[in-house]
Amino acid sequence: MLLLIWACGSGMPDSAIVILYDNDVHCAVEGYAKFSAVASEARSATPYVTKVSCGDFIQGDVIGSATRGSAIIDIMNKVGYDVVTLGNHEFDFGVERMAELVDSLNATVVCANFKYLPTSTLCFKPYTIVEYGDIEIAYVGVTTTTTPINTIPQTFRDDKGELLYDFNISNFHKTIQSYIDSARSDGADYVVLLSHLGDARYGDHPTSIDLIRSTRGVDVVLDGHAHGVIRGAKIPNAVGDSVLLTSTGNGFKYIGKLTLSQNGKFVSELIATQSPETPIDTIIQEYVNQEVDYAIGQGERIVGKSLVTLPFEDGDDNRISYACETAIGDFCADAYRTVLGADIAVVNGGGIRASIERGNLTFNDLYAVFPFNNIACLSKISGHELLRAMEVAVSWLPEGDGSFLQVSGMRFDVNLSIPSPVMFGLDGLFVALGEGPRRVANLQIFDFQSATYKDVEPDKTYLLASYNYLLKDLGAAGMFRYTELLNDNLGQDVEILVSYIENFLDGVIPQSYSAPSNRINIKH
């Protein structure tokens, strides 16, 4: 589908300019060979071809997790990307690892709102200008301000808990406008935003549509983060000019092709990667296959089998662990509680990323369930703090959220007719509970000596098992920020699942996991 959108640039190219783009690839590496082939095809018609990415490329499957992103960077270098901006998932392995990966990426990284606070300087160039004959196009990078909440909050702080990095939510639009103006002053005829904001509303965090409506001087926004396909929308900016907004969705379902023709107009096209007419670069495909084989070859050993299927999505591709108790959530939480010998355990629904199928299970199957390389931890938590954390965990209901907790060693009721009393700070982290009734009631802890559930005791201390994202790194809105961390280096998350199956279940996930165990009773 072609969409002709008027652009307010000041010049016309002597030959068509083609900008190929992706967003939210999430390790769908089979698309890179087609991306490369489309680029080669475009280059046969014009010398002006640029390859860009709008972020979230290093995480999402075993090849990313097993290599901590390096295999993805190697593939992107082989394809030959020119300009990229960062998505929130580029920070999944921490800021230091992100920096290592960026150093090895042979592309210009742009991000106008990621700042190092001690020196008040940007970590990357806010934009880069590419020359196409007599025409200059500025590429301005923008990363979602939700990044410290949705990835590893602690990686953005020092040992004392003070923020080291900021994504500029406080004066976001003004900041981005200043760099748009600067790019124009530097001679840019056109401005293209590489945006990882998304068009969907998330609290007070700015969207791509907000940014367009609050700024001027941008011609096109190539967007990511929300995973929705935007074939081309005309959004009025702050002075009423139309701006093209487009997005390829996620997982390389489409390749984006933006063309600036010789009449000075932008043409937007989404190319379906599954179409038989989409070409394939066989050299890139062979390289991708080698990288995939290397990453997964080490993980094909069988670690056990399952007598049942434990799904993480429903028939409509909704992640069910985001809003209710699930069998796979019970299994994962049980693994943490059992292997680490804790009283209770929690895993957040957003940390579960694949189903467990009936039949033999390989290490890679379990790696797909837990792809984030989290490290198992133990904390002490009082009954009072546990009650507060459970209120935070259900505060987003009935809307699903990755912070919803799957639990082991406890059970409780949730009354959604009661408004959530949870209060959050401007940084999105949990602060306190307000006055009034609570949603969570009848919280009970399983007593293994008597094999019965007993009411939680507010002043009693319980041993809590989970992983660094929740217990150390302020993940899931920092709901466990007030617990006492006892040990933060108890092994990789996938190894917890392996150990549970091999050492506690005799190699077999039993029929008892065929359905949830009625640990979380939600009343609407």
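The values are calculated or read from the model by the stated rules, or taken from the named source; none is laboratory data. Being a predicted model, the structure only gives us computed values, none of them experimental. Quick reminder, even Gly has a Cβ in these numbers, built from the backbone with ideal geometry, and neighbours come from all protein chains shown. Surface accessibility is based on the protein's heavy atoms, side chains included, excluding ligands, DNA and RNA. Shrake-Rupley method; radii C 1.70, N 1.55, O 1.52, S 1.80 Å.
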Scanning region 469-524 for residues that are over 19 Å from residue 395 (Cβ atoms) and of a type in the set (D, E, K, R), the one modelled with the highest pLDDT turns out to be 506
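Test residue 347 against the stated conditions and say whether it is surrounded by 24 or more Cβ atoms within 10 Å (Cβ to Cβ) and more than 17 Å from residue 497 (Cα to Cα).
On the way: surrounded by 24 or more Cβ atoms within 10 Å (Cβ to Cβ): yes; more than 17 Å from residue 497 (Cα to Cα): no.
Criteria not met by residue 347.
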Going by what's in this entry, would residue 106 be described as in contact with a Gly (Cβ under 9 Å, 6 or more places away or on another chain), open to solvent by 40 Å² or more (accessible area, probe 1.4 Å) and polar (S, T, N, Q)? yes
Considering residues that are surrounded by 16 or more Cβ atoms within 10 Å (Cβ to Cβ) and without any contact (Cβ under 8 Å) to a residue 60 or more places away in the chain, the number found within region 397-442 is 9
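Tally time: how many residues in region 182-204 are without any contact (Cβ under 8 Å) to a residue 12 or more places away in the chain and among the small types (Gly, Ala, Ser)?
The first filter runs over region 182-204 and keeps only residues without any contact (Cβ under 8 Å) to a residue 12 or more places away in the chain, leaving 185, 201.
Subset that is among the small types (Gly, Ala, Ser): 185.
Summing the residues that are without any contact (Cβ under 8 Å) to a residue 12 or more places away in the chain and among the small types (Gly, Ala, Ser) in region 182-204 gives 1.
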Pairs returned, first residue in region 168-181 that is more than 13 Å from residue 212 (Cα to Cα) and among the aromatic types (Phe, Trp, Tyr), second residue that is open to solvent by less than 20 Å² (accessible area, probe 1.4 Å) and assigned to a loop (DSSP other than H, G, I, E, B), beta-carbon separation under 7 angstrom, 6 or more apart or interchain, are 179/112
Within region 206-216, of all residues that are in a loop (DSSP other than H, G, I, E, B) and without any contact (Cβ under 8 Å) to a residue 60 or more places away in the chain, the one most open to solvent (accessible area, probe 1.4 Å) is 216
Among 139, 116, 179, 165, the single one that is open to solvent by less than 30 Å² (accessible area, probe 1.4 Å) and hydroxyl-bearing (Ser, Thr, Tyr) is 139
Would a scan of region 193-205 turn up a residue that is modelled with pLDDT of 95 or more, in a helix (DSSP H, G or I), crowded, with 17+ Cβ neighbours inside 10 Å and of a type in the set (Ser, Thr, Tyr)? no
Residue hits (region 242-279; under 17 Å from residue 81 (Cα atoms), among the hydrophobic types (A, V, I, L, M, F, W, C) and in contact with a helix residue (DSSP H, G or I) (Cβ under 8 Å, 6 or more places away or on another chain)) are 252, 255
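Name the one entry in 15, 36 that is touching a Gly at 6+ places or on another chain (Cβ under 9 Å), more than 30 Å from residue 240 (Cβ to Cβ) and modelled with pLDDT of 95 or more.
On the way: 15 fails: modelled with pLDDT of 95 or more.
Exactly one residue qualifies, and that residue is 36.
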Here the qualifying pairs (Cβ atoms under 7 Å; residues six or more apart or on different chains; first in region 110-122 and without any contact (Cβ under 8 Å) to a residue 60 or more places away in the chain; second surrounded by 13 or more Cβ atoms within 10 Å (Cβ to Cβ) and among the charged types (D, E, K, R)) come out as 115/166; 117/166; 121/115; 122/115
